[in-house]
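Bear in mind that the values in this text are calculations on the coordinates, not laboratory data. What you are looking at is a predicted structure, and each value in this text was computed from that prediction instead of being measured. Neighbour counts are summed over all protein chains in view; Cβ atoms, including those assigned to glycine, are modelled from backbone coordinates with ideal geometry.
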Amino acid sequence: MLKNNNFEEYAQLEEYVSQEDVSRIKSELFTCPEINNSLSGFISELSKNHAKSVLITTPEMVVDDHGLIHSAFVFAAANYVAQAAVNKEFSLLISSKTFFYAPLKLGDVLELEAHALFDESSKKREVKVLGHVKEIKIFEANMQVVVTEEHIFKLKRPPTNNNIKNEESNPNANLNPSSNTANNTFKTP
């Protein structure tokens, strides 16, 4: 079932994807399992290296009294559909070359399509994303998504050459990084 209490938004979504398809796609989707679809869009098609999504604009996205939608919601939806095209449990956007061709307004429905271009063994994946409202191209991006073996917060950062040299020359140098003196040591009672 959808995590969406707005019946009107869901009724509009059914013009693009059925509730059964949304449920099936959710079960096949490994990336972003807890994402708020009301703010980032709903994946409407999913296959290997390809995904489509629908972003229904809502009043929560509006930035002024003219109904302008903040471009961050467009970018978030594009990021989500790019990660869905890769469809790995642990993936993260690392770069993007992005073009916004026209603004969205309240009531617009943005349809996004992502094609991932990569070798299955590659950790860095290139994804092309296009977004349209009806026949008008609104958005285009080339995104790079990195795939990791485990959650990004569980990965250990490899030591840099500078850190290794500092630790070798002064083993206590990194004990208190906020201190201005390199020879600070912690005293235990």
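Annotation: amide H-H contacts under 5 Å for H50 (H modelled 1.01 Å from N, sequence separation of 5 or more, or interchain): A116. State which entries of K52/K123; K105/K134; K26/K124; K26/K48; K26/K123; K48/K105 exceed 20 angstrom in Cα-Cα distance in the structure shown. Distance filter (> 20 Å) returns K52/K123; K26/K124; K26/K123; K48/K105. Across the range 141-147, rounded Karplus estimates of 3J(HN,Hα) from the backbone phi angles (6.51 cos²θ - 1.76 cosθ + 1.60, θ = phi - 60°) give 8, 10, 10, 10, 10, 9, 10 Hz, Gly and Pro being marked x. Our coupling estimate for the range 73-84, obtained by passing each phi through the Karplus curve with A = 6.51, B = -1.76, C = 1.60 and θ = phi - 60°, is 6, 5, 5, 4, 5, 5, 4, 4, 5, 5, 5, 5 Hz, Gly and Pro reported as x. Sorting 73-85, 44-56 by their mean Cβ neighbour count within 10 Å, with the most densely packed peptide first, gives 73-85, 44-56.
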